[in-house]
Every structure is written in C-alpha cells, then in structure tokens.
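Enquirer: My structure is below; once you've seen it, I'll send some questions.
All of the numbers you see were taken from the coordinates with simple rules; none came from a lab. Being a predicted model, the structure only gives us computed values, none of them experimental. Cβ placement follows ideal geometry from the backbone for every residue including glycine, while neighbour counts extend to all protein chains displayed.
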Amino acid sequence: MSRSQPYQPLLLRILHNVNGLLALGAIVTGFLVYNTYDGRFGKLPISPIEGIIDVHGTIAVTFFFFIPLFILYSFHAGKNRLIQPDSFANLSHLTEFIGQYSFHRIVNTFMLLAAILSIISGRMMKEEWLPQGDLNQTWYSLHLLAWAVLIGGLAIHLLSVARVGGAPLFQAMLSVRFRPEDSPALWGQRLNHWWQNLRSKS
C-alpha cells in the first residue's frame, strides 16, 4: 500500500464501518417506527410496517453491544479525531485545512455523543408507549432528538470527509488491506500494553 495514500488503522475501519451500518439501520428503521406510530412533524404516505418496532429494537440492541468498543477506541487510540482544545478557535480558519479538520473533529464528537444519547434514551423507553399513542414521554422525546441529530450529523460528516480527504479518504475507510504493523495478530499485545499503561497511570 502506498504511503502517499491516506491510511486508516484497520481496527478503526472495522469499528467505524460496523457501527456506521448499525447506526444507518437504526436511523432508517427508527424513521419507519416514527412514521407508523407518530408522524407529528411530517410523515411519508407509506403503509404501516408490522413488527417494525421489533426490527428497530433488534438493530438497536446490536448497536448497544458494539458502540462501547467504538467509544473506547475513539476516546483512547482515536482521540486525535475528536474535539481538541483548539478546535473551536480554529473554526475561524475554515478556508484552511486546519479549520476544516477541526470542524471535522467537532462533527465526529457530536455524532458520538448523539449515538450515546440515542442508545441510552432508547434503552429507557418502553415498547408499549408508541402503540398505545403515548408520545409525550421524556425519553421518547430525547430519542427523537438524538435521531434527528444523528441524521444531520451523518450528512455533515459525509460532507466533511469529502472536504478534508475526498474520494481517497472514503476509499481508505472501505479498504480491506492493512500494513504489517497494523496486523490483527498484534492487537492482543497492544491491548495488553494499553491496559498496563492505564493501570500504571491510575
């Protein structure tokens, strides 16, 4: 693999892409649930889908088990891709790469926080609320908010990736190739090293 091409760590690609697909599935099925049982803010003229709550719930539970791994990675090995102390100050330079990448970091962070809010609020909801027309529950309102932020965040995230890396960065995130030093055979050793460092600091 050419060193001149953008490269993303293999573990980041796996966690990012798996959680991205699950989040996309949750967004789509979440809209279908909203369209079937709510629709207060507008809806599409499509027939209700029987059992869509169960489909959405299955995807959400799977997301619930995978997202902690991505969060752990993001706040440790991937922390440079999240908000930095100078990120907001750099927004005054949006015509330059540093400003664009700082904005990208902010979007990444807010998407991660929205995903966390969606998981927590979804877990706190009761399945019978929507079929019974109980649409004013606080946790449901928070879940709708998180869903809306995820949709907006996803759109901005894709535009931001296109701005800072273009097609090569999209290709790097979808590539299945990896460098020898990024081999899965080394992950156990690196995890142990990270854990030992964490214990020594605490």
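Enquirer: In this structure, does Ile71 turn out to be β-branched (Val, Ile, Thr), buried (at least 16 other Cβ atoms within 10 Å of the Cβ) and under 13 Å from the mean Cα position of the chain (by Cα)? Even if it seems obvious, please write down each step before you answer.
Expert: Numbers: β-branched (Val, Ile, Thr): yes; buried (at least 16 other Cβ atoms within 10 Å of the Cβ): yes; under 13 Å from the mean Cα position of the chain (by Cα): yes.
Here the answer is yes, as Ile71 does meet what is asked.
Enquirer: Suppose we keep only residues that are touching a residue at least 40 places away in the same chain (Cβ under 8 Å) and outside any helix (DSSP H, G or I) within the stretch 81-131. Which one would you say is surrounded by the most Cβ atoms within 10 Å (Cβ to Cβ)?
Expert: Result: Leu130.
Enquirer: Additional query: Could you check, for the stretch 28-45, whether at least one of its residues is among the aromatic types (Phe, Trp, Tyr) and either loosely packed, with under 15 Cβ neighbours inside 10 Å or assigned to a loop (DSSP other than H, G, I, E, B) (or both)?
Expert: Kept after step one, since they are among the aromatic types (Phe, Trp, Tyr), are these residues of the stretch 28-45: 31, 34, 37, 41.
If we keep only those that are either loosely packed, with under 15 Cβ neighbours inside 10 Å or assigned to a loop (DSSP other than H, G, I, E, B) (or both) too, we end up with 41.
Looking through the stretch 28-45, at least one residue is among the aromatic types (Phe, Trp, Tyr) and either loosely packed, with under 15 Cβ neighbours inside 10 Å or assigned to a loop (DSSP other than H, G, I, E, B) (or both).
Enquirer: Restricting to the stretch 50-64, give me the number of residues that are more than 13 Å from the chain's Cα centre (by Cα) and either crowded, with 18+ Cβ neighbours inside 10 Å or assigned to a helix (DSSP H, G or I) (or both).
Expert: Narrowing the stretch 50-64 to residues more than 13 Å from the chain's Cα centre (by Cα): 50-59, 61-62.
Subsequent filtering for residues that are either crowded, with 18+ Cβ neighbours inside 10 Å or assigned to a helix (DSSP H, G or I) (or both) retains 52-59, 61-62.
Of the residues in that region, 10 qualify.
Enquirer: Which residues, taken from the stretch 36-76, are aromatic (Phe, Trp, Tyr) and more than 14 Å from Pro131 (Cβ to Cβ)? Even if it seems obvious, please write down each step before you answer.
Expert: Just the residues of the stretch 36-76 that are aromatic (Phe, Trp, Tyr), to begin with: 37, 41, 63-66, 70, 73, 75.
Within the stretch 36-76, Phe41, Phe63, Phe64, Phe65, Phe66, Phe70, Tyr73, Phe75 qualify.
Enquirer: So, one more: Looking only at the stretch 61-82, count how many residues are among the charged types (D, E, K, R) and in contact with a Leu (Cβ under 9 Å, 6 or more places away or on another chain). If you could, list the steps in order and put the result at the bottom.
Expert: If we filter the stretch 61-82 for residues that are among the charged types (D, E, K, R), which is where we start, we get 79, 81.
Right, trim to in contact with a Leu (Cβ under 9 Å, 6 or more places away or on another chain) and you get 81.
The total comes to 1.
Enquirer: For the stretch 50-102, what are the residues that are hydroxyl-bearing (Ser, Thr, Tyr) and within 18 Å of His157 (Cα to Cα)? Steps first, please.
Expert: Going residue by residue through the stretch 50-102, those that are hydroxyl-bearing (Ser, Thr, Tyr) are 58, 62, 73-74, 87, 92, 95, 101-102.
Correct list: Ser74, Ser87, Thr95, Tyr101, Ser102.
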